[in-house]
Amino acid sequence: MILDSPTAANAYLLGYVLLFGAAAAACFASVPRARAIGHEGTRKGLVALLLTSGCWSVAHLGFLLAPTVTLKLVFYHVGLLVGLSTVGPWLYFCSAYTGRSLHKSVPIRRAAVGVFIAISLVKLTNPLHHRYYRAEVLLTPFPHLSIVSQELHWLAMGLAYSLSIVGYFMLFELFRQVGHDTTPLLGLVGLTGLPIVLDGLAIVSPTVLNITYEPLGVAAFAVGVLFVFVEDFQTVQLTGEQDDPVIVLGDDGRVRDFNVNAGELFPALEAGDTVESAGPRLGAFLDGAENDDVLELDTEAGRRYYRLGVRSFTTDGSRLGRSVTLTDVTEREEYRRELERQNERLEQFAGMVSHDLRNPLNVAQGRIAFLREQGDDEHLAATARALDRMEVLIEDVLALARQGQSIAERERVTLSAAAADAWDVVDSGPSTLTVESDGTVLADGTRFQQLLENLFRNAVEHGSASPDSQAHQDAAEHGGDGVEIRLGVLDGDAGFFVADDGIGIPVADREAVLESGFSTSSDGTGLGLSIVTEIVAAHGWEIRVTSSDAGGARFEITGVEVET
């Protein structure tokens with residue numbers, strides 16, 4: 001169709017100018033709202049898509065309005081490059097929005113840049129080979145420069161559309177996983193592909209300008225998502241991007257959406273209903289739920305435990321509701337509860353042993369003390385030592401039962417201060433303690449002091465100083481034997497150590513000394529270092545035994561953050 005009058009031709013041209021001008025304005029106007037999206041990957045991908053599509057529409061305007069053929073071709077080449085670049089942000093957006101990590105893959109990014117550069121070179125060198133397009137002036141529907149696509153163009157377009165379809169697949173797969181009505185969003189996504197129809201009509205009909213119409217679809221998608229269906233857009237992402245059951249509640253407490261896994265866990269769950277309708281236990285629990293609370297449910301698979309992750313979601317600063325993620329922690333929770341039961345039974349047993357033995361023990365000690373006042377009997381002295389050992393054993397059993405329990409609260413503990421308190425209650429004799437380097441750790445203060453007490457006592461009782469050590473010489477002057485004990489921070493602030501200059505621990509025994517019942521002394525209970533191991537494990541640390549620089553024993557506690 002040839003437009004007879006200049007007025008009609010200008011009106012036809014004006015229609016195209018207004019169409020692409022509106023598309024550019026819609027894309028650029030949507031950028032501020034897109035920047036308010038909380039999800040970083042989605043925000044970056046959508047903002048980049050809007051900017052590239054807006055620039056693509058501007059390039060079309062330049063192509064339509066440029067006064068010369070040369071300038072039109074310049075705008076056309078700019079449009080080719082910008083249009084091709086929109087594929088990257090589209091895939092980035094789809095990957096991030098659907099909870100995938102493809103947009104973070106360095107090899108994929110490098111491959112995408114390589115493909116972009118290769119196709120761009122083919123487009124820019126078209127004047128040399130004319131295999132991408134050829135230009136000719138047409139009079140219909142108004143005088144304009146027409147671009148006739150060649151075989152390389154169709155290859156590039158085929159690749160671009162194939163990649164775009166991957167993005168559509170990600171979105172449709174996400175929409176299938178949620179209980180929310182995604183029909184409006186499906187329609188908006190479909191709008192991004194609708195310009196393909198106009199591209200096809202441009203090939204067969206002279207009344208449709210042979211120009212790329214994809215920016216129109218992106219503009220419609222952006223306006224619909226960011227100004228009309230923004231709540232649905234965010235709700236679908238919250239529920240669909242995770243494998244764990246997710247329920248999205250509105251600000252009124254009603255169910256806005258949920259994913260497939262949540263629907264399987266709570267079959268009665270329905271969008272728009274109160275959460276209590278899915279199960280009174282769930283509703284009552286969520287009323288006061290906070291992060292990390294554990295919900296106990298009886299399911300077809302048996303009793304399960306779920307840790308709650310609760311977070312609010314907003315749009316432009318307005319609170320829309322909260323999402324509740326249920327993470328299955330059954331294995332961990334069952335282990336924790338069994339451990340608590342074992343600790344409780346152990347403490348009950350230790351308390352029973354302590355109670356049942358301590359009373360007759362005290363009576364026996366009192367009688368022996370009375371008899372010894374009457375005379376110094378060798379057998380009574382030996383009996384008294386045996387009873388004293390029984391008392392130590394009782395105290396160690398109680399300590400062992402209590403020290404392995406998990407740590408509820410921690411405080412900042414300074415090594416030097418804890419060491420001084422521990423040293424005060426150790427019968428150190430001629431032995432000495434030196435704090436080589438100080439630091440602060442987060443620990444249970446009472447148990448941490450107990451840890452140091454047992455390590456110091458072990459060094460004093462079992463680590464008789466080597467004959468050539470300074471501690472041995474000092475001890476000899478005072479009529480006794482002693483060791484020099486050192487406490488300090490490990491290199492790299494990864495923990496701390498307690499070392500002595502005693503006789504050391506043979507390599508074959510270094511693991512066994514940390515076990516209950518192992519002792520090299522006939523007077524030892526074999527529980528001192530076992531208590532140390534329990535305290536270390538309760539804090540989530542690790543302990544290893546090695547030799548010190550002076551040849552004695554060295555205990556290194558690692559996995560500890562030490563502030564020096």
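The values are calculated or read from the model by the stated rules, or taken from the named source; none is laboratory data. These numbers come from a predicted model, not from an experiment. Cβ placement follows ideal geometry from the backbone for every residue including glycine, while neighbour counts extend to all protein chains displayed. Side chains included, ligands, DNA and RNA excluded: accessible areas come from the protein's heavy atoms. Shrake-Rupley method; radii C 1.70, N 1.55, O 1.52, S 1.80 Å.
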For this session: Report ASP273's accessible area, 1.4 Å probe, all protein chains in place, as a number in Å² to the nearest 10.
Result: 60 Å²
Exercise. Using a 1.4 angstrom probe and counting only protein chains, how large is the accessible area of LYS44 in Å², to 10?
Worked result: 100 Å²
Exercise. Which of rounded, prolate, oblate describes segment 26-71, given a ≥ b ≥ c as roots of the alpha-carbon gyration tensor eigenvalues and a/c under 1.5 marking rounded, otherwise prolate only if a/b is larger than b/c?
Worked result: prolate
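From the protein chains alone at 1.4 Å, what is the descending order of accessible area for SER101, SER95, largest first? Walk me through the numbers before you get to the answer.
Values: SER101 80, SER95 0 Å².
Final ranking, largest accessible area leading: SER101, SER95.
What FRET efficiency comes out for GLU344 versus LYS104 if R0 is 56 angstrom and r is the Cβ-Cβ distance? Round to the nearest 0.05. If you can, show how the numbers build up before the last one.
Values: r = 46 Å, r/R0 = 0.82.
In this case the efficiency is close to 0.75.
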For this session: With a 1.4 Å probe and every protein chain left in place, tell me how much accessible area ARG544 has, in Å² to the nearest 10.
Result: 120 Å²
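Determine the shape class of segment 91-134: with a ≥ b ≥ c the square roots of the Cα gyration tensor eigenvalues, call it rounded for a/c under 1.5, and otherwise prolate if a/b is greater than b/c, oblate otherwise.
On the way: a/c = 6.60, a/b = 2.78, b/c = 2.37.
Judged from the Cα gyration tensor, segment 91-134 comes out prolate (a/c at least 1.5, a/b above b/c).
Given a Förster distance of 41 Å, report the FRET efficiency between LEU163 and GLU561 from their Cβ-Cβ distance, rounded to the nearest 0.05. Kindly include the intermediate steps, with their values, before the conclusion.
Numbers: r = 46 Å, r/R0 = 1.12.
According to the calculation, E is roughly 0.35.
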For this session: Using label points projected 7 Å from each Cα along Cα→Cβ, tell me how many nm separate GLU173 and GLU542, to one decimal.
Result: 3.7 nm
